[in-house]
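The values are calculated or read from the model by the stated rules, or taken from the named source; none is laboratory data. Given the structure is predicted, the values throughout are model-derived calculations rather than measurements. We place every Cβ from the backbone using ideal geometry, glycine too, and count neighbours over all the protein chains shown. Ligands, DNA and RNA are excluded from the accessible area calculation, which covers all protein heavy atoms including side chains. Shrake-Rupley method; radii C 1.70, N 1.55, O 1.52, S 1.80 Å.
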Amino acid sequence: MTARLLDGEALASRIRAEVTDRVARLRDAGVHVGLGTILVGDDGPSARYVAMKHADCAEVGIHSAHAHLPADVSQAELLDTVARFNADPAVHAYLVQLPLPAGLDEERVLLAVDPEKDVDGLHPVNLGRLVMGANGPVACTPAGIVELLHAHDVPVSGRHVVVIGRGLTIGRPLALLLAMKRPGCNAAVTVVHTGVDDLAGLVRQGDVVVAAAGRAGLVTPEMVKPGAAVVGAGTSWEGRKLLSDVDESVAEVAGWMTPRIGGVGPMTRAMLLRNAVRAAERSR
Ligand code: GUN
């Protein structure tokens with residue numbers, strides 16, 4: 001079997017077109033949607049991710065604001081910047097790029113973000129809304145993965161999804177989302193991680209497998225049920241080359257699979273734009 005492609009680039013392009021329309025409608029009503037980013041330090045991949053987010057904003061007509069702070073910034077100075085973005089009416093939504101350099105308290109920073117401007121859906125209030133099934137911004141990568149599976153008619157409702165990884169930005173919110181009684185979700189969800197006994201045996205039970213462990217090539221063909229959908233969401237870097245958690249040879253057994261480039265990444269960025277426009281619509 002050669003897996004069908006889960007084409008995040010094509011779907012993200014359609015979502016950007018939808019966002020462009022919504023941004024234009026808001027502008028006609030006198031609202032110029034603004035998205036902010038706060039980057040601390042000089043981590044190469046983080047800086048590249050932030051630059052791509054600003055390029056996406058420019059494409060869809062969203063105004064973007066950026067604060068770049070040095071790696072040795074104090075916690076107080078970082079919190080001042082967060083307070084400034086909270087108070088700025090031109091910034092409808094923003095994010096603090098993670099991970100923060102050692103020595104900064106990520107939890108305190110996330111808590112300081114105004115939940116109504118939390119474009120990442122990572123504020124405890126918004127994570128709590130997700131647990132409750134209430135409306136609110138949902139973390140971008142999990143939301144993008146659900147959209148990607150749905151758009152490619154991958155059966156999820158009633159099926160078994162194995163999520164590898166339990167991190168704050170992907171695994172944990174994704175598991176909550178997939179288990180909810182919502183279109184494109186309603187799955188039986190198992191969360192595993194690299195410290196689990198018989199990881200391969202558990203992953204092989206998945207009708208859908210989402211790898212979000214950040215370990216290159218973790219998922220190999222023997223670990224995949226023939227015909228399963230396999231999503232590579234975790235990334236790592238070899239120099240400037242982006243590596244996937246899913247070995248390319250998995251395409252021989254999977255029914256659907258994300259490409260190494262152009263799968264989940266573009267979807268995360270598209271959902272960020274959609275969350276930003278939603279925040280602006282809510283603010284009216
Ligand atoms: N770094 C890696 N993924 C993310 C994300 O989803 N949000 C933020 N703020 N930083 C990240």
Among the residues in segment 87-102, are any of a type in the set (S, T, N, Q) and out of contact with any Phe, Trp or Tyr (no Cβ under 8 Å at 6 or more places or on another chain)?
no
Just to confirm my filter: which strands (runs of 3 or more DSSP E) fall fully inside segment 181-256 and include at least 3 residues that are open to solvent by 40 Å² or more (accessible area, probe 1.4 Å) and either under 11 Å from Ile164 (Cβ atoms) or at pLDDT 95 or above (or both)?
188-192
Scan Val230, Val277, Val208, Val250 and give me the residue that is without any contact (Cβ under 8 Å) to a residue 60 or more places away in the chain and either of a type in the set (A, V, I, L, M) or at negative phi (or both).
Val208
So which of Thr37, Thr141 is among the β-branched types (Val, Ile, Thr) and open to solvent by 10 Å² or more (accessible area, probe 1.4 Å)?
Thr141
Residue ID - surrounded by the fewest Cβ atoms within 10 Å (Cβ to Cβ), chosen from residues in segment 22-34 that are touching a residue at least 40 places away in the same chain (Cβ under 8 Å) and of a type outside the set (Lys, Arg):
Ala29
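Let's see how each residue does on (1) within 16 Å of the ligand (Cβ to nearest atom); (2) under 20 Å from Ala143 (Cα atoms):
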{"residue": "Arg240", "(1), (2)": "no, no"}
{"residue": "Asp247", "(1), (2)": "no, no"}
{"residue": "Val250", "(1), (2)": "no, no"}
{"residue": "Gly263", "(1), (2)": "yes, yes"}
{"residue": "Ala280", "(1), (2)": "no, yes"}
{"residue": "Ser283", "(1), (2)": "no, no"}
Looking only at segment 81-96, which residues are exposed (fewer than 15 other Cβ atoms within 10 Å of the Cβ) and either of a type in the set (A, V, I, L, M, F, W, C) or touching a residue at least 60 places away in the same chain (Cβ under 8 Å) (or both)?
Ala83, Ala87, Ala90
Is it the case that some residue within segment 99-118 is part of a loop (DSSP other than H, G, I, E, B), within 15 Å of the chain's Cα centre (by Cα) and surrounded by fewer than 16 Cβ atoms within 10 Å (Cβ to Cβ)?
yes
Can you spot a residue in segment 118-138 that is within 12 Å of the ligand (Cβ to nearest atom), under 28 Å from Pro226 (Cβ atoms) and touching a residue at least 40 places away in the same chain (Cβ under 8 Å)?
no
Quick one: which residue in Leu149, Leu78 is within 28 Å of Arg14 (Cβ to Cβ), modelled with pLDDT of 95 or more and open to solvent by less than 10 Å² (accessible area, probe 1.4 Å)?
Leu149
In this structure, is Leu178 open to solvent by less than 60 Å² (accessible area, probe 1.4 Å), within 23 Å of Ala3 (Cα to Cα) and part of a strand (DSSP E or B)?
no
